[in-house]
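These notes concern the structure reproduced below.
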Amino acid sequence: MIRVVIILFLLINPANAKCKYYAHADVKNNQLVNKKETYTCEEKDNVFVQFLTDEKYNQALTMVFIVLLENL
């Protein structure tokens with residue numbers, strides 16, 4: 001049961017994103033023409049992806065891998 005809770009905790013990441021909205025349009029005869037909207041968000045990767053890819057977790061990942069191999 002504890003394993004399931006830990007796995008769910010690692011896979012579920014709260015939505016903390018920095019979003020920006022931009023809109024561009026040309027005005028001709030008091031009407032909007034060529035309207036373009038852009039909505040971009042920058043989200044962090046979840047904890048599991050960060051653990052696998054980030055350099056600060058390099059040693060911890062190596063140790064986990066070694067311990068898993070040892071116990072097999």
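Bear in mind these aren't lab numbers, they're just calculated from the coordinates by the rules spelled out. Worth saying up front: this structure is predicted, and the values here are computed from it rather than measured.
Descriptive notes on the structure:
- Stretchable slack from residue 22 to residue 70, in nm (0.36 nm times residue separation minus alpha-carbon distance): 12.0 nm
- Counting 0.36 nm for each residue step from residue 33 to residue 62 and taking away their Cα separation leaves a gain of 4.8 nm.
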